[in-house]
Amino acid sequence: MGYQIAADSVLAVHVIFVFFVVCGLLIVGAGFFLRWPWVRNFWFRSAHLLAIAVVVVQAWLGRLCPLTEWESALRERAGQEGYQGSFVGHWLGRVLYYECDSWVFVIAYTIFGALVAATWIWVPPDKPGFFSRR
């Protein structure tokens, strides 16, 4: 039971991470048009860029996310089935009943990462500090 709770906790952290990466880009775009000054916060933007950069580098190196590996190992110790591939691929398959090759995810992560990097040009963050200056 303890391994299952630990695996579920890692899953929750992983979902929050994915939500941060995906919604972070949407929020920066919306914030630009709605003139939300906090979307230019340097620390928020740096954390967001670093998060997608880690995903892109892992994808290009052919590595699974450490959270995926950790959760899968915990599930196996709990007597459950672990993931057979990536976290996103697994859940896309379960939620959307859609499967694709790993190279599709590499391309998708790379394009998404390029979009996040481009927001540093289109919606530049403020200089480092804890609060926006706008």
All but one of (1) more than 18 Å from Gly113 (Cα to Cα); (2) touching a residue at least 12 places away in the same chain (Cβ under 8 Å); (3) aliphatic (A, V, I, L, M) hold for Ile5, so report the exception by its number.
(2)
Tally time: how many residues in the range 21-73 are out of contact with any helix residue (DSSP H, G or I) (no Cβ under 7 Å at 6 or more places or on another chain) and under 18 Å from Ser102 (Cβ atoms)?
10
Condition first: more than 14 Å from the chain's Cα centre (by Cα) and either among the hydroxyl-bearing types (Ser, Thr, Tyr) or open to solvent by 30 Å² or more (accessible area, probe 1.4 Å) (or both). Now tell me which residues in the range 59-73 satisfy that.
Trp60, Leu61, Gly62, Arg63, Glu69, Trp70, Ser72, Ala73
One residue is enough: does the range 54-66 have a residue meeting the conditions in contact with a Gly (Cβ under 7 Å, 6 or more places away or on another chain), modelled with pLDDT of 95 or more and not in a loop (DSSP other than H, G, I, E, B)?
yes
Restricting the search to the range 14-58, which residues are exposed (fewer than 12 other Cβ atoms within 10 Å of the Cβ) and hydrophobic (A, V, I, L, M, F, W, C)?
Ile16, Phe19, Leu26, Phe33, Leu34, Leu50
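Just the residues that are part of a helix (DSSP H, G or I) and among the polar types (S, T, N, Q), please, taken from the range 3-46. Steps first, please.
Of the range 3-46, the ones part of a helix (DSSP H, G or I) are 3-34, 37-40, 42-46.
Gln4, Ser9, Ser46 - these are the residues of the range 3-46 that are part of a helix (DSSP H, G or I) and among the polar types (S, T, N, Q).
For the range 91-134, name all the residues that are modelled with pLDDT under 70, open to solvent by 50 Å² or more (accessible area, probe 1.4 Å) and part of a helix (DSSP H, G or I).
First, the residues of the range 91-134 that are modelled with pLDDT under 70: 91-99, 129-134.
Now drop any that are not open to solvent by 50 Å² or more (accessible area, probe 1.4 Å), which leaves 91-92, 94-99, 130-131, 133-134.
Of everything in the range 91-134, those that are modelled with pLDDT under 70, open to solvent by 50 Å² or more (accessible area, probe 1.4 Å) and part of a helix (DSSP H, G or I) turn out to be Trp91, Leu92, Arg94, Val95, Leu96.
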Report, by residue number, each residue of the range 74-86 that is assigned to a loop (DSSP other than H, G, I, E, B) and open to solvent by 80 Å² or more (accessible area, probe 1.4 Å).
Glu81, Gln84
In the range 1-13, how many are under 14 Å from the mean Cα position of the chain (by Cα) and either closer than 12 Å to Trp120 by Cα or exposed (fewer than 14 other Cβ atoms within 10 Å of the Cβ) (or both)?
2
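The values are calculated or read from the model by the stated rules, or taken from the named source; none is laboratory data. Just so we're clear, the structure is a prediction, and the values are computed from it rather than from any experiment. Heads up, the Cβs are rebuilt from the backbone with ideal geometry, glycines too, and the neighbour counts pull from every protein chain shown. Surface areas here come from the heavy atoms of the whole protein model, side chains and all, with no ligands, DNA or RNA. Shrake-Rupley method; radii C 1.70, N 1.55, O 1.52, S 1.80 Å.
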